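Here's the structure we're looking at; comments come further down.
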Amino acid sequence: MPFSAVALASARVFLAHAPPRTVRYLGDMQPLSRRALLASLGLSASVPLSALETPKAPAFEVRTELGKRIRLEDYSGKVLLLTFWATWCPHCRNQIAAMEKLRETYAAKEIEMLAVSVDREGWKIVAPYVQEHGLRIPVSIAPPRMQQQYAANGGIPLSYIIDRKGQMIKDFRGALDEETLRRLGDAIQKAL
């Protein structure tokens, strides 16, 4: 087997037992990104996450301000852009504004969006923000367990693309501007 095939097989086994964003060096326990893992195995950092693994997205249940229940199962058969954000985060606010602008475009491409706030004050601070900015994308508050499962307490904004089968196919830490979100939507639609 060529080196890269052996390395890829090793990466698959290693990552199969590690939740997203928690892959770590064995020695000093410093965070190790998938990109760094691939590089350390002599693989191109451009190898897509799906070539290594297609982890199932952790099940979740959240509620909107009006109490509407939203679960991961509700998006079965649809592509979901799941974003963790906070009202105090400037990059998050920019990304949420860009998501709102693209809401209808994404819906036409069969891509759903869910913005999950990690604000500790909960609806007390999120509800006025949603109302003031006229957000129509679904917004909810992330329970602590969801934040842990999705590694949302390690930096925001954090976005995941979850495919129609409920598998996490891509993750992004850091802001996604409107143009990047537009290109991302086009790429997702071509892949459907």
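Listing for the model above:
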read-out: Within the stretch 148-192, considering residues that are within 23 Å of Glu65 (Cβ to Cβ) and modelled with pLDDT under 85, the one surrounded by the most Cβ atoms within 10 Å (Cβ to Cβ); value: Ala152
read-out: Scope the stretch 106-123; condition under 15 Å from Thr64 (Cβ atoms) and surrounded by fewer than 15 Cβ atoms within 10 Å (Cβ to Cβ); matching residues; value: Gly122
read-out: Residues of the stretch 70-102 satisfying the condition of being part of a helix (DSSP H, G or I) and surrounded by fewer than 17 Cβ atoms within 10 Å (Cβ to Cβ); value: Glu73, Asp74, Pro90, His91, Asn94, Ala97, Lys101
read-out: Failed condition for Phe172, given (1) under 13 Å from the mean Cα position of the chain (by Cα); (2) part of a loop (DSSP other than H, G, I, E, B); value: (2)
read-out: Positions within the stretch 75-105 being touching a helix residue (DSSP H, G or I) at 6+ places or on another chain (Cβ under 8 Å), among the polar types (S, T, N, Q) and more than 23 Å from Gln167 (Cα to Cα), in sequence order; value: Thr87
read-out: Glu110 being more than 22 Å from Pro58 (Cα to Cα) and acidic (Asp, Glu); value: no
read-out: Only listed residue being more than 19 Å from Glu73 (Cα to Cα) and at pLDDT 90 or above, chosen from Arg145, Arg120; value: Arg120
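A quick yes/no check of all residues on (1) closer than 17 Å to Arg182 by Cα; (2) in contact (Cβ under 8 Å) with a residue 60 or more places away in the chain:
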position: Thr105; (1), (2): yes, yes
position: Lys109; (1), (2): yes, yes
position: Val116; (1), (2): no, no
position: Ala152; (1), (2): no, yes
position: Met168; (1), (2): no, yes
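The values are calculated or read from the model by the stated rules, or taken from the named source; none is laboratory data. Since we're looking at a predicted model, the values are computed, not measured. Don't worry about glycine lacking a Cβ; one is built from the backbone with ideal geometry, like all the others, and counts go over all protein chains shown.
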